[in-house]
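Working notes, beginning with the structure itself.
The values are calculated or read from the model by the stated rules, or taken from the named source; none is laboratory data. Predicted model, so just to flag it, every value in this text is computed and none were measured. Cβ atoms come from the backbone with ideal geometry, glycine included; neighbour counts cover every protein chain shown. Side chains are part of the model used for accessible areas, which takes the heavy atoms of the whole protein and leaves out ligands, DNA and RNA. Shrake-Rupley method; radii C 1.70, N 1.55, O 1.52, S 1.80 Å.
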Amino acid sequence: MEFKPLFAGKLVRLAAPRSEDNEYFALWSENDEYLRIMDNDPARPITPEAWGEFEASLIASPNGFHFHLRTLADDTLIGSAGLFDIQWMHQVASLGIAISDRAYWGKGYGTDALQIILGYAFRELNLYRVGSTTISYNIRSMKAHEKVGFRQEGVQRSFIQREGKRFDLIQYGILRLEWEALQ
């Protein structure tokens, strides 16, 4: 039997975190634009040590899988992706992805990373459903989700507040059968 690549796509691969990567994530935490599309939490810079502690907690969770994203061309670290809040009994998980290095925004790296992490979720972890959310002003994320087969399942209206304005939180989901039909 021939197996499809599990950790590599066309542009990026899922890689194990390296301790030297903490410096990059700390540097990226100083980019407020990145922080405001990556997460719902208040933007704040963090130290390499704080990132390392945060990441250690992700890796230690039995209900999550966390990876760094590295380019295939030259092994450059560009972000992270993972599955979390896995409910094994129901075969469901939430997905998170961040292209942290803005030099790689809008060039297909996020879409490729979504394809890889979905393949891992459905082929390796035997999940049935993967959910994800994005903020309504993150158009690149919305397009990438829809391009790989996610369907918009709901909207939490005016969920996010940024600089005195309210934004919706868009909820996406994809089922294994939907993903398989696109392969």
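Structure data summary
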{"read-out": "Set 116, 86, 99: member being touching a residue at least 60 places away in the same chain (Cβ under 8 Å) and not aromatic (Phe, Trp, Tyr)", "value": "116"}
{"read-out": "Residues of the stretch 1-42 satisfying the condition of being open to solvent by 40 Å² or more (accessible area, probe 1.4 Å), more than 23 Å from residue 74 (Cα to Cα), over 17 Å from the mean Cα position of the chain (by Cα) and in contact (Cβ under 8 Å) with a residue 12 or more places away in the chain", "value": "30"}
{"read-out": "Any hit, the stretch 145-166, residues being open to solvent by less than 40 Å² (accessible area, probe 1.4 Å), more than 21 Å from residue 24 (Cβ to Cβ) and part of a helix (DSSP H, G or I)", "value": "yes"}
{"read-out": "Test for residue 137: is it in contact with a Gly (Cβ under 7 Å, 6 or more places away or on another chain) and aromatic (Phe, Trp, Tyr)", "value": "no"}
{"read-out": "Filter pass, residue 97 being open to solvent by less than 40 Å² (accessible area, probe 1.4 Å), touching a strand residue (DSSP E or B) at 6+ places or on another chain (Cβ under 6 Å) and at pLDDT 95 or above", "value": "no"}
{"read-out": "Subset of the stretch 107-144 (residues that are open to solvent by 70 Å² or more (accessible area, probe 1.4 Å) and small (Gly, Ala, Ser))", "value": "none"}
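Here is a yes/no grid of residues against (1) modelled with pLDDT of 95 or more; (2) touching a helix residue (DSSP H, G or I) at 6+ places or on another chain (Cβ under 8 Å):
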residue	(1), (2)
19	no, yes
55	no, yes
65	yes, yes
73	yes, no
86	yes, no
92	yes, no
114	yes, yes
126	yes, no
129	yes, yes
